[in-house]
1. Test Leu361 against the stated conditions and say whether it is modelled with pLDDT under 90, surrounded by fewer than 18 Cβ atoms within 10 Å (Cβ to Cβ) and either over 25 Å from Leu23 (Cα atoms) or not hydroxyl-bearing (Ser, Thr, Tyr) (or both).
2. Go through Ala80, Ala130, Ala135, Ala155 for me and flag whichever is of a type outside the set (S, T, N, Q), more than 17 Å from the chain's Cα centre (by Cα), assigned to a helix (DSSP H, G or I) and closer than 18 Å to Ile375 by Cβ.
3. Pick from Val348, Val341: which is touching a residue at least 60 places away in the same chain (Cβ under 8 Å), assigned to a helix (DSSP H, G or I) and more than 30 Å from Leu12 (Cα to Cα)?
4. Please determine, by comparing only the residues of the stretch 295-338 that are part of a loop (DSSP other than H, G, I, E, B) and touching a residue at least 12 places away in the same chain (Cβ under 8 Å), which one is farthest from the chain's Cα centre (by Cα).
5. Looking at the stretch 183-204, is at least one residue part of a helix (DSSP H, G or I), buried (at least 17 other Cβ atoms within 10 Å of the Cβ), in contact (Cβ under 8 Å) with a residue 12 or more places away in the chain and in contact with a Gly (Cβ under 7 Å, 6 or more places away or on another chain)?
6. Phe275 fails exactly one of the following numbered conditions: (1) crowded, with 24+ Cβ neighbours inside 10 Å; (2) closer than 18 Å to Ala443 by Cα; (3) over 16 Å from the mean Cα position of the chain (by Cα). What is the number of that condition?
7. All but one of (1) more than 15 Å from Trp433 (Cβ to Cβ); (2) within 25 Å of the chain's Cα centre (by Cα); (3) of a type outside the set (S, T, N, Q) hold for Tyr356; which doesn't?
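The values are calculated or read from the model by the stated rules, or taken from the named source; none is laboratory data. Values in this document were obtained by computation on a predicted structure and should not be read as measured data. Because the Cβ atoms are built from the backbone with ideal geometry, glycine has one as well, and the counts that use them run over all protein chains shown.
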Amino acid sequence: MRADARLRWVLLVTSAATFVASLDLFVVNVAFNDLQRAFGHTDAATLSWVLNVYTIALAALPIPFGRFADAYGRLRGFVAGMVLFAVASALCAAAPSLTWLIVARGLQGVGAAALLPTSLSLLLGEFPPARRAGAVATWAATGSVAAAFGTPVGALLTRVSWRWIFLINVPIIVVTLLVARRVLRESRADGPVERPDLVGTVLLTAGVSLVTLGLVQADSWGWATAGTIGTLVGGLAAVALFLRQCTRHRAPVIELDLFRERSFSAASGVTLLLFAGFGAFLLSNVLLMTDLWRQGVLTAGLQFAPGGLVAAVVSMFAAARLAARFGYRPVAAVGCLLLAVSNLTFRVLVGVTPGYARDFLPALMIGGFGVGLAIPVLAAAISATLPPARRATGSAVFAMSRQLGTVLGVAATVALSVGGAEGHALFAYQRAWVFIAIVEAVAALSCLLLPTRRTAAVVPAARVSSASSGEGPAAVEAVSQVG
């Protein structure tokens, strides 16, 4: 197989992984009513764990899995994650009870948490530096398209059965694994490998899980209750202990000096803010259509399709070219600002009476354009400073930032969009849209800390014994240019 053809297949295989992991984060939202009927009109708080347990696993585990993949093999971790995700998807589709479904969704989240960092690190290892940022932009665009199309895809599948939301993953993964056997190569950090920090892994998993649990349950428990406050404080304490552990272990889960590179820290923070707004953007508008406008699930889902299409086109064909010409900083900032403008447009135009073409669609298209610009460019920016031996760990920070941002956005939307009389309900959505606009404006300002066109990260040999791609014994220079 020719080198260029093989690289195209590598990009396709790794992008398929982020597609299924991202799709399943959002596709379940529109199936809640069907699930409620299927399992005896279960209360919404219990049913929400079908989404929550997946989100918790996806927020807590990418960094530990990235670290283990660096040590024991990225391809091995990728295949294991794909197999677990396929098996868990089949178990979800066959679920005879809600408890079964929740446990299977947790396993699915574990598989997805392994897919995200390993797929990106395998991609980075195969592409030469001059083409790496463009490949990362496509990989990230696939995830953003899956997220944008999650609502309409879920709506279409639930017309047949809610079980198809999960079953559709199995053939995609089987085909992806067959191709992966031919085109992907194993990689890991060279030289002697220290045993990964198991204590740190447990602390990180516990901390992120407790914080996420507190956020997603705060609406049903109450923000000021002992349960919510205790869970959040306990989670933050575990995270603090985890950071302390990282300074003491010889092979920590996260090497904290990654964050000494301003571009890496800035890209991680902007990613969290962007996805907080994006998660709130999707949920608030699904609730608007189904609860306030009283539209059916299929109608609401299909009305999101134009926004997803715009995001796909911009991500695939415009984001990398614009970043190559103008740099990461202005393109990511414009993307965040467009998402802010989109939500302010919702605030001004949308009312109690449905007005899709006149009021809703223009704001949706603006938001789709912004998301299509920002997400792939941020993924490219965050990879620009990753040395080869830390690729899986660093890319896992990006994945974790996405999920934590989504959790924060969903929690804020639930807190702000409290139902009631129609006029009061509209006011609640208006508050949510203003909140999203503020978050995205802060994200846009934070983009000033991103690199412009090219970023180089030099990592001392004392921290990286040797690069997995053999780029020099004394230092590893990870240079990535968009285009």
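1. Working: modelled with pLDDT under 90: no; surrounded by fewer than 18 Cβ atoms within 10 Å (Cβ to Cβ): yes; either over 25 Å from Leu23 (Cα atoms) or not hydroxyl-bearing (Ser, Thr, Tyr) (or both): yes.
For Leu361, the condition - modelled with pLDDT under 90, surrounded by fewer than 18 Cβ atoms within 10 Å (Cβ to Cβ) and either over 25 Å from Leu23 (Cα atoms) or not hydroxyl-bearing (Ser, Thr, Tyr) (or both) - is not met.
2. Working: Ala80 fails: closer than 18 Å to Ile375 by Cβ; Ala130 fails: closer than 18 Å to Ile375 by Cβ; Ala155 fails: closer than 18 Å to Ile375 by Cβ.
Within the list Ala80, Ala130, Ala135, Ala155, the selection yields Ala135.
3. On the way: Val348 fails: touching a residue at least 60 places away in the same chain (Cβ under 8 Å).
That would be Val341, the only listed residue that is touching a residue at least 60 places away in the same chain (Cβ under 8 Å), assigned to a helix (DSSP H, G or I) and more than 30 Å from Leu12 (Cα to Cα).
4. Let us first name the residues in the stretch 295-338 that are part of a loop (DSSP other than H, G, I, E, B), namely 295-296, 304, 318, 327.
Filter once more, keeping what is touching a residue at least 12 places away in the same chain (Cβ under 8 Å): 295, 304, 318, 327.
Details: Gln295: 28, Phe304: 19, Ala318: 21, Gly327: 23 Å.
So, considering only residues that are part of a loop (DSSP other than H, G, I, E, B) and touching a residue at least 12 places away in the same chain (Cβ under 8 Å), the one farthest from the chain's Cα centre (by Cα) is Gln295.
5. Going residue by residue through the stretch 183-204, those that are part of a helix (DSSP H, G or I) are 183, 198-204.
Then keep just the ones that are buried (at least 17 other Cβ atoms within 10 Å of the Cβ); that gives 183, 200-201, 203-204.
Next cut, in contact (Cβ under 8 Å) with a residue 12 or more places away in the chain only: 183, 200-201, 203-204.
Adding the requirement that they be in contact with a Gly (Cβ under 7 Å, 6 or more places away or on another chain) leaves none.
The answer is no, given that none of the residues of the stretch 183-204 is part of a helix (DSSP H, G or I), buried (at least 17 other Cβ atoms within 10 Å of the Cβ), in contact (Cβ under 8 Å) with a residue 12 or more places away in the chain and in contact with a Gly (Cβ under 7 Å, 6 or more places away or on another chain).
6. Of (1) crowded, with 24+ Cβ neighbours inside 10 Å; (2) closer than 18 Å to Ala443 by Cα; (3) over 16 Å from the mean Cα position of the chain (by Cα), only one is false for Phe275: (3).
7. The number of the failed condition is (2).
Yes/no matrix, rows are residues, columns are (1) of a type outside the set (Asp, Glu); (2) within 29 Å of Ala437 (Cα to Cα); (3) touching a Gly at 6+ places or on another chain (Cβ under 8 Å):
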site: Gly235; (1), (2), (3): yes, yes, yes
site: Leu241; (1), (2), (3): yes, no, yes
site: Pro252; (1), (2), (3): yes, no, yes
site: Ala267; (1), (2), (3): yes, yes, no
site: Leu273; (1), (2), (3): yes, yes, yes
site: Ala276; (1), (2), (3): yes, yes, yes
site: Gly279; (1), (2), (3): yes, yes, yes
site: Arg294; (1), (2), (3): yes, yes, no
